[in-house]
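**Q** I am attaching a structure below and will ask some questions about it afterwards.
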Amino acid sequence: MRKILLSLVLVLFSFFVKAQAPTHVPLMTPVWELIAKRTFKKNANFKMVPAFPAQLQMLQNKVVELPGYIIPLNTDYESSHFMLAVVPYDQCAYCGQGDIPQMVEVNMAKPLRYTDKPIKIRGKLLLNESGDKRSEVFLFNAEQVK
């Protein structure tokens, strides 16, 4: 009887632990929502190029703030060049389920130390509508907002 009771307690405990799994902090802001509305269209040469909503195009060359998680592009402890996403790096394995969140390529004014915690940065927003192999959205001359 004790073994059955102990087994039942262990099974219930394992369900409770699974229910308490850590989740990321929701970071969607109005600017992130505009970035997520990016679509694609064919240009005059029949090449697929990004198309941005008018409200986002109005932010071109303007300074914006974005919260997010650092997605490193290299293995350095500090970096001035990385991707910023609304989900943490350890959840990228699950990006294929549902919608893949948009990322922004960031070039910092000064190197920033890697962290797995959410950060907020401010920088000049640039949109790449060329359809080349670079990112579609950039933040240049960015700095961390404390």
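**Q** Which whole-Hz ³J(HN,Hα) couplings does segment 36-50 yield from phi under the Karplus relation 6.51 cos²θ - 1.76 cosθ + 1.60, θ = phi - 60°, glycine and proline marked x?
**A** 5, 7, 4, 10, 10, 9, 8, 8, 4, 8, 6, 9, 6, 10, x
**Q** Using 0.36 nm times the number of residues separating residue 109 and residue 134, minus their current alpha carbon distance, what extension gain do you get?
**A** Result: 7.0 nm gained on full extension.
**Q** Which lysines, if any, have their Cα less than 16 Å from the Cα of residue 146, not counting same-chain residues under 8 positions apart?
**A** 110, 117, 120
**Q** Residue 81's amide H: which non-local residues (gap 5+, or another chain) put their own amide H closer than 5 Å, with H modeled 1.01 Å from N in plane and none for Pro or chain starts?
**A** 108
**Q** While we're looking at this one, here's another question. From the backbone phi of segment 127-138, what are the Karplus-calculated ³J(HN,Hα) couplings (6.51 cos²θ - 1.76 cosθ + 1.60, θ = phi - 60°) in whole Hz, Gly and Pro given as x?
**A** Each residue of segment 127-138 in turn: 9, 9, 9, 6, x, 6, 7, 7, 5, 8, 10, 10 Hz.
**Q** Between residue 54 and residue 36, what is the label-to-label distance in nm when each label sits 7 Å out along the Cα-to-Cβ direction?
**A** My value for the distance between the label points is 2.3 nm.
Every read-out reported here was derived from the displayed coordinates using simple, explicitly stated rules and does not represent laboratory data. Remember, predicted model here, so these are calculated numbers, not experimental data. Every residue, glycine as well, gets a Cβ built from its backbone with ideal geometry; the counts of neighbours run over all protein chains shown.
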